[in-house]
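In what follows, a single structure is set out as structure tokens and then discussed.
The values are calculated or read from the model by the stated rules, or taken from the named source; none is laboratory data. Computed from a predicted structure; not experimentally measured. Cβ sites come from the backbone with ideal geometry, for glycine too, and all protein chains shown count toward neighbours.
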Amino acid sequence: MTTIIERIEGHYDVQKTPYGEAYVWCPERVVVECDCGQRLALTDSDTVCGCGADHASLVREVLAHQRASHPWESDYHEWRNNQDELLLSEETYRLELGRLD
């Protein structure tokens, strides 16, 4: 029987480059021990063991129940709300300018 060892959340790894830093996305993974004894770090797209066993249903079940939001999602929503406020204030400004003519 396949055993789930660990679930690793998706994250960004920072890699130093000569010109700065690169952020590389590492998808979430499930570490399992296959019936054949191999330990594997499997993703949604990589679910087959070297022995040929396909663990797709197990991997998808574990990952589907624990989806994390994007690390910058809250920053995006804050920015988006500020954009809506700016657009409203610009529209008000245009209406005021129209009254001056």
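Brief remarks on what is shown
- Consider the range 24-45 and keep the residues that are of a type in the set (D, E, K, R) and touching a helix residue (DSSP H, G or I) at 6+ places or on another chain (Cβ under 7 Å). The one that is nearest to ARG60 (Cα to Cα) is ASP44.
- Residues in the range 64-79 that are modelled with pLDDT under 80 and part of a helix (DSSP H, G or I) were compared, and the one that is nearest to the chain's Cα centre (by Cα) is GLU73.
- Those strands (runs of 3 or more DSSP E) of the range 1-52 in which 2 or more residues are touching a residue at least 24 places away in the same chain (Cβ under 8 Å) occupy 3-8, 11-17, 29-33, 39-42.
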